[in-house]
Structure formats: C-alpha cells, structure tokens
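Chemist: This is the structure I have questions about; it appears just below.
The values are calculated or read from the model by the stated rules, or taken from the named source; none is laboratory data. Predicted model only: the values in this text are computed from it and were never measured. A quick note on method: Cβ atoms are made from the backbone with ideal geometry, for glycine too, and the neighbour counts reach across all protein chains shown.
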Amino acid sequence: MLPEGSLASALVLILVTPLLIFRLGMLATLLGARLSFGASLLPHDAAALGLLCVAGLIALGIGLAILWVLPALLIAIVGIGHLLGP
C-alpha cells in the first residue's frame, strides 16, 4: 500500500474516513427507516430501529461536517503558511 507516514497516506486517510462515516450513516438511516415501515413491530423493536435511524443521522452529520470543515482548515493553514513566507 502506501508508505507509512507519507503525505499520500495522510491525504487518503483524511479523504476516505469522512466518506466512510457518511456512507455508514446513510446505510444505517435507510436500513432503520425501511425496517420501521415494515410489518407490525413490537415496541422494543421500533425503539431499536428508531435508535438506528438516529445513529445513522448523527453519523451523516459527522461525515458531512468533516467533509466541509477539513478542506477549509487545510486551505486556511496553507494560506497562513503563504502569508508568513518561507
């Protein structure tokens, strides 16, 4: 794979992690929503599926926040570095 400690491995980790969190959150939300609209559920089943939906939505929010905030931080760090000079 990638050499340990390389810039490429850091970028892959930075880009892949939020996408995985986002995808897992979407999957959990859709799975919980699909199952909750199924046949009649016992109360504890409905509560568990509701928690699955909530956990999925939280993961979606975390993934999106990382995807939006991380590039802005990188741009700010690079910009400050250019302003300060070599």
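Chemist: What are the pairs, 6+ residues apart or on separate chains, where a residue within the stretch 19-44 that is of a type in the set (D, E, K, R) and in a helix (DSSP H, G or I) has its Cβ under 8 Å from a residue that is surrounded by 13 or more Cβ atoms within 10 Å (Cβ to Cβ) and at pLDDT 70 or above?
Modeler: R23/G63
Chemist: Please name all residue pairs, on different chains or six or more residues apart, with Cβ atoms under 8 Å, provided the first residue is in the stretch 6-17 and is under 19 Å from W68 (Cβ atoms) and assigned to a helix (DSSP H, G or I) and the second residue is β-branched (V, I, T) and at pLDDT 70 or above.
Modeler: So the pair list comes out as T17/I66.
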